[in-house]
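Chemist: Please see the structure below; I have some questions.
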Amino acid sequence: MFTIQTLDKISAKGLELFPRDQYEIATEISNPDAIILRSTKIHDMELPPKLKAIARAGAGVNNIPIDKCTKKGIVVFNTPGANANAVKELVLAALLLASRKIHDGISWAQSLKGNGDQVPALVEKGKSQFKGPEIKGKTLGVIGLGAIGVMVANDALALGMNVIGYDPFISINSAWELSSNVAKASSLDHLLSVSDYITIHVPFNENTNGMINKNTLKIMKKGVRILNFARGGLVDNKDILEAIENGKVACYVTDFPEEELLGNERIIAIPHLGASTPESEENCALMAASQLREFLEKGNVRNS
Ligand code: MLT
């Protein structure tokens, strides 16, 4: 009998992959063979002595102490690509949000309640405050060409954008199914200097921590709009707030709200919804569970 502790709510479709006559699965297990989780941070957790594997139903693994696991021989799985479509769809929505002031316009329209049949006239009078540019013909810079970045790049072309891509870790020529219509930036600085919109899709680690900071912001065009659906720590909050204040950045959309980013009308803070669709939660759970089962039963390590 294998024992698996779930630290977060995991889609039932995934957990159904474990036959109940061979597996005990519960939120409280004293010394499990494996842990399956989504967002719970376990850096401070004492790793159970029997633990052989941790499976994350998601792409990023920065909530898991990888070095500690490696030292103890604990295998860590994640689910790259399984939530890519969900994130991509929200990024495309965010491109339009960043341009067209849709969120402010909606709040304003709601605030007109109580004005009775004057509402249509008030709408016509006040709507000009929510004017924003079209994205067609503008340049989108995609930093990071993994599963999500490639999907965003290809679909932004279909919206009429010019797209330029750069990956700090892999050669752009080996990016998976990247449209040949995506221009190749010769360097990160090149991408930053020509983009009207920049979207970040790299993992968070010691090399990418704070990669959007006062130095990289300096290279960007005035009025650039920046989207971050990867990890909050990729962007230096103090520096982006300053760049918003001095007009360099027209809008920052982040899926990782933090206190200092709230209440600024040029920052759109989304409550980490990138992967929050039933489809993506199911895909991630299925991938995490099948990797884990294969490992526990056959010792195979597969990360796809
Ligand atoms: C990811 O790393 O894939 C996302 O953060 C997933 C999530 O929202 O759990």
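Bear in mind these aren't lab numbers, they're just calculated from the coordinates by the rules spelled out. Since the model is a prediction, treat every value here as computed from it, not as a measurement. Cβ coordinates were reconstructed from backbone atoms using ideal geometry, including for glycine residues, and neighbour counts include every protein chain displayed.
Chemist: When the chain is modelled as a GNM with alpha-carbon springs shorter than 10 Å, which of 96, 286, 262 fluctuates the most?
Modeler: 262
Chemist: Highest mean first, how do 115-124, 130-139 rank when packing is the count of other Cβ atoms within 10 Å averaged over residues?
Modeler: 130-139, 115-124
Chemist: Restrict the search to region 1-47; then list the trypsin sites (Lys or Arg not before Pro) that DSSP places in a loop and that have at most 10 other Cβ atoms within 10 Å of their Cβ.
Modeler: Passing sites in region 1-47 are 20.
Chemist: Between residue 245 and residue 27, 0.36 nm times their residue separation minus their Cα-Cα distance comes to what?
Modeler: Contour length minus Cα-Cα distance gives 73.9 nm.
Chemist: Continuing with this model, one more query. Of the listed peptides 59-72, 147-160, what is their order by residue-averaged count of other C-beta atoms within 10 Å, with the highest listed first?
Modeler: By packing density, highest mean first, the sequence is 147-160, 59-72.
Chemist: Answer with one residue from 73, 197, 284: the one whose Cα lies farthest towards the positive end of the charge dipole of the chain, charges on Cβ with Lys, Arg +1 and Asp, Glu -1.
Modeler: The residue sitting farthest along the positive end of the dipole is 197.
Chemist: Also, I was wondering about something else. Karplus couplings for region 42-49 from phi (6.51 cos²θ - 1.76 cosθ + 1.60, θ = phi - 60°), rounded to Hz, Gly and Pro as x?
Modeler: 10, 4, 8, 7, 7, 6, x, x
Chemist: Let me ask something else about it. In the neighborhood of residue 132, defined by Cβ-to-Cβ distances under 14 Å, what is the net charge if each Lys or Arg adds +1 and each Asp or Glu adds -1?
Modeler: Summing Lys and Arg as +1 and Asp and Glu as -1 gives +4.
Chemist: How many nm separate the modelled label positions at residue 169 and residue 125, each set 7 Å beyond the Cα in the direction of the Cβ?
Modeler: About 5.5 nm, to one decimal.
Chemist: Please sort 23-31, 50-58, 271-279 by packing, taking for each peptide the average over its residues of neighbouring beta carbons within 10 angstrom, highest first.
Modeler: Packing proxy ranking, top to bottom: 50-58, 271-279, 23-31.
Chemist: Under a point-charge model restricted to the Cβ atoms of Lys and Arg (+1) and Asp and Glu (-1), what is the dipole moment magnitude of the chain relative to its Cα centre, in debye to the nearest 20?
Modeler: Its charge dipole is roughly 600 debye.
Chemist: Also: Which one of 118, 14, 36 has its Cα pushed farthest toward the positive end of the charge dipole of the chain, where Lys and Arg give +1 and Asp and Glu give -1 at the Cβ?
Modeler: Selected residue: 118.
Chemist: Under a plain spin-label model, where a point goes 7 Å from the Cα along Cα-to-Cβ, how far apart in nm are residue 40 and residue 102?
Modeler: 3.5 nm
Chemist: I've got another one for you. Quick one: helix 84-100 against the long Cα principal axis of the chain, what's the angle to the nearest 10°, folded into 0 to 90?
Modeler: It is inclined by approximately 20 degrees.
Chemist: Taking K and R as +1 and D and E as -1, what net charge do the other residues with C-beta under 14 Å from the C-beta of residue 255 add up to?
Modeler: Taking every Cβ under 14 Å from that of residue 255, the sum is 0.
Chemist: Still on this model: Write out the chymotrypsin sites (Phe, Trp or Tyr not before Pro) in region 157-208 meeting two conditions: DSSP loop, and at most 16 other Cβ atoms within 10 Å of their Cβ.
Modeler: Listed in order of number, the matching sites are 169, 176.
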